[in-house]
Amino acid sequence: MRRRSLMIAVPAGLVTLAGCGDDKSGKAKSSTSSPSPSAPASASAAPPPKIVDGPLPAITAGTKFGEKPTVAKGSGSPSKDLAVKTVIAGGGKTVAENDYIQANYLGQIWDTAKVFDNSYDRKTPLLIQLAQGGIIDGWRYALVGKKVGSRVQMSVPPTWGYGPQGNTQGGIKGTDTLVFVVDIENTFNATSSAQGKEVAQSDAALPKVGTNTDGKAPSIDVPKATAPTKLVANYVLEGDGDEVKADSSVLVQYKGVLWDTGKEFDSTYSSGRLASFSLQQVVKGWAQGLTGKKVGSRVLIVIPPALGYGNNPPSGSGIKKDSTLVFSVDILAKM
């Protein structure tokens, strides 16, 4: 099981461990309350499917990327294998196993054409990790290797969907084959970085953060000065995405060091895994510092003890009581 981020492994009273925290498998939960495409809780590993190119029902309306599609009822019996078709070929980054993908999708039942879920009506794309146990296997096998900007249609038999138990919330029986149309908007992994416009770092009394965008950890140079007593949250790179809200969930790269020593105590770059969580889960300094900031940005956050761990830091973290914490945070996506 991977180590939790120190930002959410904190004493009670500073944060609430709810929402989209880690589950028992060590995977970050999706922030969606929809029935699809998160893996069923009792899912067991199925053998890799044979991937075929059909049959698949016709997309009769909403045929452009990003448009809500209308999909015909399945004709005849669906394949017992995983049927996958790239309807629109994108030219962006290639999706890999364990990436987080940002996508709009529609799911319906083969036999009835009943739509059981779609993100287009919510006007919020899904952000979910293509990891075993976190998403149905049909998505994992169908989307790995596809490119951002692609529309992918798939027919998923129960073996690689919700299994014999089905999904009561979605009205899905254990014998139902599912049809999905997925528009892949973006993909993120441990090499992802903010890509915003550089913002001048002219205050010599504050740490200076590196502006590299190659996916490697940025430098954080802490000045030999007295730590600020109030929260600092400044752009290093300013993105042009949506603003993060106080109740948003975010996908981030980050690095944290101690003001007094400059020593790193936590980092997604070191762990090789992105972090995703609700701002209602994290220490107050993070929640306040990221609220209002734009997706695609790198933000310097300096957190005084009262908004961090105070006199009760996490055991084994290397953080002393009443430490001022310094973070570089890349906001990759908002859920």
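All of the numbers you see were taken from the coordinates with simple rules; none came from a lab. Note that the coordinates shown come from a computational prediction; the quantities given were computed from them, not determined experimentally. Don't worry about glycine lacking a Cβ; one is built from the backbone with ideal geometry, like all the others, and counts go over all protein chains shown.
Structural remarks
- With the convex hull of its Cα atoms as the shape, region 88-166 has an orientation-averaged projected area of 5.6 nm².
- Radius 14 Å from Cβ of Ile59, net charge of other residues (Lys, Arg +1; Asp, Glu -1): +3
- In angstrom, the C-alpha Rg and Dmax of the chain are 21.6, 73.
- Share of Cα-Cα pairs in region 51-188 lying beyond 19 Å, as whole percent: 45
- Other residues lying with their Cβ under 11 Å from the Cβ of Val209 contribute a combined charge of 0, Lys and Arg counting +1, Asp and Glu -1.
- In plain terms, the residue of Ser323, Ser248, Ser270 with the fewest other Cβ atoms within 10 Å comes first and the most crowded comes last, giving Ser270, Ser248, Ser323.
- Within straight-line cross-link reach of Lys216, aspartates and glutamates at Cα separation under 12 Å, skipping those fewer than 8 residues along the same chain: Asp330
- Within the same chain, lysines fewer than 8 places from Lys64 are excluded, and of the rest, those with a Cα less than 29 Å from its Cα are Lys50, Lys73, Lys80, Lys85, Lys93, Lys114, Lys123, Lys146, Lys147, Lys294, Lys334.
- Counting beta carbons within 10 Å around each of Thr94, Thr187 and listing the fewest first gives the order Thr94, Thr187.
- Loop sites in region 257-335: trypsin sites (Lys or Arg not before Pro), DSSP, at most 15 other Cβ within 10 Å: Lys263, Lys320, Lys321
- The residues neighbouring Lys245, those whose beta-carbon lies less than 15 Å from its own, together hold a net charge of +1 under the Lys/Arg +1, Asp/Glu -1 convention.
- The equivalent ellipsoid that matches the C-alpha gyration tensor of region 197-334 spans semi-axes of 21, 17, 15 angstrom, in descending order.
- Counting only Cβ charges, +1 for Lys and Arg and -1 for Asp and Glu, the dipole size of region 51-188 around its Cα centre is about 240 debye.
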